[in-house]
Amino acid sequence: MCLSLRSESLGTEEVCQLGHHLLNSGVHAGKPALVNRTDSSDGRTLLSIAAHAGLADVVALLLCRGADPSLSDHQGQTALTLAARQGHAGVLQILLTLIAHGAEVDRVDYEGRTPLIAAAYMGHKEAVEILLGAGAQVDLADGDGRTALSVAALCVPSETVDERMRAYPEAPPNSDL
């Protein structure tokens, strides 16, 4: 039997319950490789799907079972990038958990976007501040030549971003400022 965890007939909670059951069954049956298995349609792992959905408890379980936060999907997006792009409350805990488990803060996707740039584009102030606190670089440019600093200045007005901008008396190369 083949069942897609991305089935439109299942809600997020049902998918997570099913994923939790399959994961535990696989780990207990001596098949820990299930933790990092990817969806053939987009290359996302269970960790990426849970991070994108904002399911902090599932992310924590997957990381405890050996999920690799550095794996990327077909677009080069890691679980950290997907979590940073979302704006729900569970994302903040997910970001901290992924960073604590070795997620690369400045890993770029195929568009050259870091998790910080992804969070800034979506206007997620708290995610931007967490990533800055974790040492994310503000002057890395994406494929369009925009830096996280320039995107954040436009989309995420905050004291943290203002402080970072003061550190650059002139705009960094390739920025929109």
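The values are calculated or read from the model by the stated rules, or taken from the named source; none is laboratory data. Predicted, not measured: the structure shown is a model, and the values here were computed from it. Because the Cβ atoms are built from the backbone with ideal geometry, glycine has one as well, and the counts that use them run over all protein chains shown.
With respect to residue 84, is the statement that it is in the same structural domain as residue 57 (by TED's automatic domain parsing) and buried (at least 24 other Cβ atoms within 10 Å of the Cβ) true? So that I can check it myself, show each step before the final result.
Working: in the same structural domain as residue 57 (by TED's automatic domain parsing): yes; buried (at least 24 other Cβ atoms within 10 Å of the Cβ): yes.
Criteria met by residue 84.
For residue 68, are the conditions met, namely being in contact with a helix residue (DSSP H, G or I) (Cβ under 7 Å, 6 or more places away or on another chain), in a loop (DSSP other than H, G, I, E, B) and either within 15 Å of residue 48 (Cα to Cα) or of a type in the set (Phe, Trp, Tyr) (or both)?
Details: in contact with a helix residue (DSSP H, G or I) (Cβ under 7 Å, 6 or more places away or on another chain): yes; in a loop (DSSP other than H, G, I, E, B): yes; either within 15 Å of residue 48 (Cα to Cα) or of a type in the set (Phe, Trp, Tyr) (or both): yes.
So residue 68 passes the test.
For the condition surrounded by fewer than 20 Cβ atoms within 10 Å (Cβ to Cβ) and touching a Cys at 6+ places or on another chain (Cβ under 9 Å), what is the one hit in 123, 135?
Matching residue, one of 123, 135: 123.
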Task: Given (1) surrounded by 23 or more Cβ atoms within 10 Å (Cβ to Cβ); (2) within 19 Å of residue 72 (Cβ to Cβ), number of the condition residue 102 does not satisfy - done: (1)
TODO: Would you check which residues across segment 136-177 are at pLDDT 90 or above and at positive phi and list them?
DONE: 145
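Just to check your reading of the model, which residue among 123, 90 is touching a residue at least 12 places away in the same chain (Cβ under 8 Å), under 15 Å from residue 47 (Cα atoms) and either of a type in the set (Gly, Ala, Ser) or out of contact with any His (no Cβ under 7 Å at 6 or more places or on another chain) (or both)? Show your work before the answer.
Details: 123 fails: under 15 Å from residue 47 (Cα atoms).
Answer to the check: 90.
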